[in-house]
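The values are calculated or read from the model by the stated rules, or taken from the named source; none is laboratory data. The model shown is predicted, which means the values in this text are computed figures rather than measured ones. Heads up, the Cβs are rebuilt from the backbone with ideal geometry, glycines too, and the neighbour counts pull from every protein chain shown.
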Amino acid sequence: MAATITVTGLRKNYGTLAAVDGIDFEVRENEIFGMVGPNGAGKTTTIECLEGLRAPDGGRVSVLGFDPRRDERELRERIGVQLQQSALPDDLRVWEALDLFASFYRKPADGKPLLETLGLAEKRKTAFAKLSGGQKQRLFIAMALVNDPELVFLDELTTGLDPHARRAMWDLVRGIRDRGKTVFLTTHYMEEAEALCDRVLVIDRGRIVALDTPGNLVCGLGKETRVVFTVDEAFDPGFLAALDGVTKVDKDGPRTVVTGSGERLVVLVVNALDARGVRFGDLRTEKPDLEDVFLAVTK
């Protein structure tokens, strides 16, 4: 699969601080590529170098075959950008904002189908100030797509949205990819990166500390499964430590956590509790996820 973005030895310094410290990666055509990292890790600086908003101090960046700084005008026609922080005049109506941004491009897309796709058709005459948080984000996506770009940058798209609006945004992002676009996504939500991204890059202190599919990153962590349950009565869970695959048993009030490995771990725990007549509730398993990876590889 062809590379949409190629980054080689990218560096950016602010005084003595190396915000981005010689990183290399590629983004493939028609994938959702995620970048995550702690605050100050270098995410925004990296994405701004890719968008041509910031000049790197070293290395090479190629986006759709263009140098973002040297070929800025040509690249602008072929990428869409949703910034981490955006705002519009309160009185500007939805259709006016879209028409304004469409006028910046040589070959803009038809705004009406775009508003239909993004669920804003009924809000086309609504002033920006009257839109909900989710509707504003949809408008910013529409503005990022108004030039029918090949590559879309989405920076902290769902920050501040409620869970329903966030899930709706996830569907929109998948829809963008399904229409043949490539998506470069930054987020603070590990659940979001795990649900959406084909591959995830983890950056910390300006350096890449992990890059792979979410599934491979989690498998590579090698963490164990946790079996969690509650018991109303007082009991000593020490006998569970003798079960095959169990490495640790913790009890905090009514909550007990059994940590271990093996496909039969849950069955063994349940059978052992049943054999002793222990009445338990709220039993669930907690498997490692991308958040566990993030916490393990970042400082």
Exercise for the section: Please enumerate the residues belonging to the range 147-169 that are assigned to a loop (DSSP other than H, G, I, E, B) and among the small types (Gly, Ala, Ser). Expected result: GLY160
Fill in the blank from the handout: Taking the range 252-286 and the residues there that are under 20 Å from LYS223 (Cα atoms), in contact with an Asp or Glu (Cβ under 9 Å, 6 or more places away or on another chain) and not hydrophobic (A, V, I, L, M, F, W, C), the one that is surrounded by the fewest Cβ atoms within 10 Å (Cβ to Cβ) would be ARG264
Problem - Residue within the range 50-57 that is out of contact with any Phe, Trp or Tyr (no Cβ under 6 Å at 6 or more places or on another chain), surrounded by fewer than 16 Cβ atoms within 10 Å (Cβ to Cβ) and part of a strand (DSSP E or B) present - result: no
Problem - Output for the range 285-299, where each listed residue is farther than 30 Å from GLY206 by Cα and either in contact with a helix residue (DSSP H, G or I) (Cβ under 7 Å, 6 or more places away or on another chain) or modelled with pLDDT of 95 or more (or both) - result: THR285
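Residues checked against (1) of a type in the set (Asp, Glu); (2) more than 20 Å from VAL36 (Cα to Cα); (3) surrounded by 18 or more Cβ atoms within 10 Å (Cβ to Cβ):
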position	(1), (2), (3)
PHE104	no, yes, no
ALA109	no, yes, no
THR126	no, yes, no
PHE140	no, yes, yes
PRO163	no, no, no
VAL173	no, no, yes
LEU185	no, no, yes
Problem - Those residues of the range 77-100 which are closer than 18 Å to VAL152 by Cβ, surrounded by fewer than 19 Cβ atoms within 10 Å (Cβ to Cβ) and touching a residue at least 24 places away in the same chain (Cβ under 8 Å), in sequence order - result: GLU77, ARG78, LEU83, GLN84, SER86
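Name the one entry in PHE66, PHE33, PHE25 that is more than 20 Å from the chain's Cα centre (by Cα), over 30 Å from ALA127 (Cα atoms) and aromatic (Phe, Trp, Tyr).
PHE66
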Fill in the blank from the handout: Listed by first then second residue, the pairs whose first member lies in the range 246-262 and is under 21 Å from GLY281 (Cβ atoms), whose partner is at pLDDT 90 or above and among the charged types (D, E, K, R), with beta carbons under 6 Å and at least 6 positions apart or on separate chains, are VAL257/ARG226; VAL257/ASP250; THR259/ARG226; THR259/LYS248
Practice task
Please specify each residue of the range 80-96 satisfying the condition of being closer than 23 Å to THR187 by Cα and either modelled with pLDDT of 95 or more or touching a helix residue (DSSP H, G or I) at 6+ places or on another chain (Cβ under 7 Å) (or both).
Solution key: GLY80, VAL81, GLN82, GLN84, SER86, LEU88
Practice task
Give the residues of the range 43-70 that are farther than 15 Å from ILE5 by Cα and either of a type in the set (A, V, I, L, M) or out of contact with any strand residue (DSSP E or B) (no Cβ under 8 Å at 6 or more places or on another chain) (or both), sorted by residue number.
Solution key: LEU53, ALA55, ARG70
Problem - Number of the condition not met by VAL183 [criteria: (1) in contact with a Gly (Cβ under 8 Å, 6 or more places away or on another chain); (2) hydrophobic (A, V, I, L, M, F, W, C); (3) farther than 30 Å from ALA275 by Cβ] - result: (1)
Exercise for the section: Determine whether ILE79 is touching a Lys or Arg at 6+ places or on another chain (Cβ under 9 Å) and not small (Gly, Ala, Ser). Expected result: no
Exercise for the section: Scan the range 187-194 and give yes if some residue there is exposed (fewer than 13 other Cβ atoms within 10 Å of the Cβ) and within 22 Å of the chain's Cα centre (by Cα), otherwise no. Expected result: no
Practice task
Take the range 83-128 and flag every residue that is farther than 12 Å from LEU139 by Cα, under 28 Å from the mean Cα position of the chain (by Cα) and part of a helix (DSSP H, G or I).
Solution key: ALA102, PRO113
